[in-house]
Amino acid sequence: MESIINNFNLTVSTINGSGSATANTTLLRALFKMGIPVSGKNIFPSNIQGQPTWFTIRISQAGYLARQEKDDIVVAMNPATIQKEIDSVCPNGVLFYADHIQLPETRTDIHLYPMPVKKIMHEAEISPSVRDYVANMVYVGIVGQILGMDMDKVHLALNFHFKGKDSAVNANWKIVETAANWAQENLKKEDPYKLQSLPALNDFIMADGNTAAALGAIYGGVQFNAWYPITPATGISESLNEYLPQLRRDPETGKDTFVVVQAEDELSAVGMAVGAGFAGLRAMTSTSGPGLSLMSEYLGLAYYSETPIVVWDVQRMGPSTGLPTRTSQGDLTQAYFISHGDTQYVLLFPGSVNECFEFGWRAFDIAERLQMPVIVLSDLDLGMNEWMTRKFEYPDLLMDRGKVLWENDLEKMLRIRNGDWGRYLDIDDDGIPYRTIPGNTHPKSAYLARGTGHDEYAQYSEDNVTWEKGQKRLEKKYHTAKKFVPRPVIQTGPAAAFGIIAYGSTDQAILEARDLLLADGVSTDYCRIRALPFTSEIKRFIEENSKIFVVESNRDGQMFQLLQMTYPGLAEKLVRICHSDGLPLTARWICESIQSYWEK
């Protein structure tokens with residue numbers, strides 16, 4: 001039997017609230033510490049406890065991190081789903097199962113390994129009061145032993161998880177060690193799957209997108225964050241609460257240089273952020289689709305009063321409450337057009353955990369340069385799941401506070417312009433006015449920020465000519481934004497048959513799909529959009545390809561729609577490839593969808 005080394009999927013089936021997260025992340029991090037490229041995806045219910053949950057680890061020596069639609073190895077700890085787990089295992093695959101689960105009539109083309117969980121817990125002398133929460137460590141030991149995992153790396157992973165707390169590390173390690181010893185003495189390996197250590201991944205870390213976004217915001221100088229809990233965005237503010245006291249406390253006075261407020265709802269959260277942004281603070285909030293819907297009126301106020309704030313939307317399935325714990329890219333058109341009237345917002349699309357960090361700080365620069373809200377569209381897959389990613393790089397640019405006038409700046413401008421200054425004057429012909437911040441003591445610095453009609457001097461006005469002039473300036477500013485947003489990432493292939501456009505977390509699936517297509521002799525070009533408004537590179541990419549497949553994780557092809565609207569003369573080149581079932585896209589599905597189009 002030929003061995004399959006470092007190239008398979010492992011899925012763990014447990015019950016939500018049973019403490020499996022610790023066991024699963026221990027496996028994931030131990031594999032990473034062995035130098036093996038991995039990614040982990042958690043599929044969990046929206047209730048708190050008692051329902052089935054799955055955690056899939058992709059092990060790929062080639063470095064592929066996207067989800068796959070197959071289960072080579074399944075660890076079954078939940079009696080309620082045992083038939084589903086048996087059916088899901090690939091031929092010649094493996095089923096580890098807790099031996100208190102009564103197996104139905106099973107298959108003969110898979111390998112079975114029983115796990116005497118209760119017996120091992122007794123041998124490890126674990127207190128009955130905590131057994132239900134640490135029992136999952138049994139499968140860490142047994143699976144690790146059968147697959148050839150480096151158990152020293154398991155111990156390191158436990159130490160990392162429990163932050164060096166000896167009592168917790170030792171208690172869990174005792175179970176892992178007892179289980180591994182039992183497996184060594186009682187189980188004969190019959191399957192082809194093996195692990196093999198590789199050179200250390202020294203340039204990489206394991207992290208989730210929400211934590212990365214919070215750290216990026218901290219390094220970008222965030223001063224104010226207001227939030228209301230919502231899955232899957234809560235982790236951003238929880239990470240701010242964890243890391244801000246460590247990184248942003250004045251060493252001389254011991255006082256915090258930041259404010260984090262848990263508001264009573266999303267309306268209050270965004271309202272506080274708008275007020276803080278007007279006051280000159282680097283202000284942000286985070287939410288998901290339902291919360292973003294509630295924020296629309298305040299975002300319109302920030303858009304028209306030209307107040308800089310950052311909003312992170314970690315997308316989930318909608319509409320309405322939808323599937324709170326499933327991923328989607330369904331908020332694109334809502335975010336782009338949010339609020340009534342003629343509005344267009346700057347959107348950023350991180351495609352990796354590393355870009356979540358980068359856009360965490362870059363979004364503040366863009367918001368303050370343009371004096372408008374910037375909405376960052378992440379999603380549950382990117383935000384809550386653990387990814388292998390390159391180490392974060394400290395920002396190498398100075399903070400861009402934009403066109404801020406302090407006392408001396410304003411006095412100089414008044415002198416040059418013969419005393420003429422207005423908050424909404426387009427002095428530089430780029431649509432971006434100059435602003436003052438509360439605290440500026442110059443007698444000419446004050447103005448009233450309005451959501452109602454106003455002229456260039458922030459005076460109330462319902463004059464139709466004045467109104468349209470202001471709207472034209474805002475439109476000009478949006479075109480100016482193209483100079484400041486992240487450019488698309490474009491990869492070309494030799495004699496490409498067609499192009500692919502995508503954005504956000506679908507990137508890993510696209511990269512793998514391109515390799516699969518190339519193995520079949522089909523070369524492709526690829527454009528990953530990282531921001532709206534669209535820049536000139538995107539139009540040129542469409543012009544240079546005879547056919548473009550726009551791949552998205554939503555039902556209606558929302559990026560496809562925006563591209564058609566922006567480039568109507570090129571619309572016939574675009575083909576919509578969409579899927580929306582709450583799970584991340586796979587490379588195989590992308591390839592099959594493209595091939596299906598050509599067959600038609």
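The values are calculated or read from the model by the stated rules, or taken from the named source; none is laboratory data. Everything numeric in this text was worked out from a predicted model, so none of it was measured. Here Cβ is always computed from backbone atoms with ideal geometry, including for glycine, and neighbour counts include all displayed protein chains. Areas reflect the complete protein model, heavy atoms only, side chains present, ligands, DNA and RNA absent. Shrake-Rupley method; radii C 1.70, N 1.55, O 1.52, S 1.80 Å.
Conditions (1) more than 32 Å from the chain's Cα centre (by Cα); (2) of a type in the set (V, I, T); (3) over 30 Å from T287 (Cα atoms), marked per residue:
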residue: M149; (1), (2), (3): no, no, yes
residue: A168; (1), (2), (3): no, no, yes
residue: Y219; (1), (2), (3): no, no, no
residue: Y228; (1), (2), (3): no, no, no
residue: I236; (1), (2), (3): no, yes, no
Looking at F484, is it in contact with a Ser or Thr (Cβ under 8 Å, 6 or more places away or on another chain) and in contact (Cβ under 8 Å) with a residue 24 or more places away in the chain?
no
Within region 571-600, the residues that are outside any strand (DSSP E or B), without any contact (Cβ under 8 Å) to a residue 60 or more places away in the chain and open to solvent by less than 30 Å² (accessible area, probe 1.4 Å) are A571, S593
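Table: residues versus (1) surrounded by fewer than 19 Cβ atoms within 10 Å (Cβ to Cβ); (2) farther than 29 Å from S127 by Cβ.
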position	(1), (2)
V140	no, no
L156	yes, no
A168	yes, no
K189	yes, yes
K194	yes, yes
F204	yes, yes
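Kindly provide the set of residues from region 144-162 that are assigned to a helix (DSSP H, G or I) and in contact with a Leu (Cβ under 7 Å, 6 or more places away or on another chain), ordered by number.
Our first condition is that a residue be assigned to a helix (DSSP H, G or I); within region 144-162, this holds for 144-147, 151-161.
Passing the criteria: I146, L147.
Could you check region 237-260 and list, in sequence order, the residues that are assigned to a loop (DSSP other than H, G, I, E, B) and either surrounded by fewer than 12 Cβ atoms within 10 Å (Cβ to Cβ) or among the basic types (K, R) (or both)?
Taking region 237-260 first, the residues assigned to a loop (DSSP other than H, G, I, E, B) are 248, 250-255, 257-258.
Answer for region 237-260, where residues must be assigned to a loop (DSSP other than H, G, I, E, B) and either surrounded by fewer than 12 Cβ atoms within 10 Å (Cβ to Cβ) or among the basic types (K, R) (or both): R248, D250, P251, E252, T253, G254, K255.
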Item checked: Some residue of region 210-222 being in a loop (DSSP other than H, G, I, E, B) and not aliphatic (A, V, I, L, M) -> yes
Looking for something closer than 25 Å to S328 by Cα, at pLDDT 95 or above and surrounded by fewer than 21 Cβ atoms within 10 Å (Cβ to Cβ) - is there at least one such residue anywhere in region 10-24? no
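Within region 448-479, take every residue that is among the hydroxyl-bearing types (S, T, Y) and buried (at least 17 other Cβ atoms within 10 Å of the Cβ) and give me the one that is farthest from W421 (Cα to Cα). I'd like the intermediate steps shown before the answer.
Of all residues in region 448-479, those among the hydroxyl-bearing types (S, T, Y) come to 452, 457, 460-461, 466, 478.
Checking which are buried (at least 17 other Cβ atoms within 10 Å of the Cβ) leaves us with 461, 478.
Values: S461: 17, Y478: 22 Å.
Among them, the one singled out is Y478.
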When I101 is run through (1) within 27 Å of K153 (Cβ to Cβ); (2) in contact with a strand residue (DSSP E or B) (Cβ under 9 Å, 6 or more places away or on another chain), the failure sits at (1)
Only one of G318, G322, G254, G289 is farther than 20 Å from E368 by Cα and either charged (D, E, K, R) or touching an Asp or Glu at 6+ places or on another chain (Cβ under 7 Å) (or both), namely G289
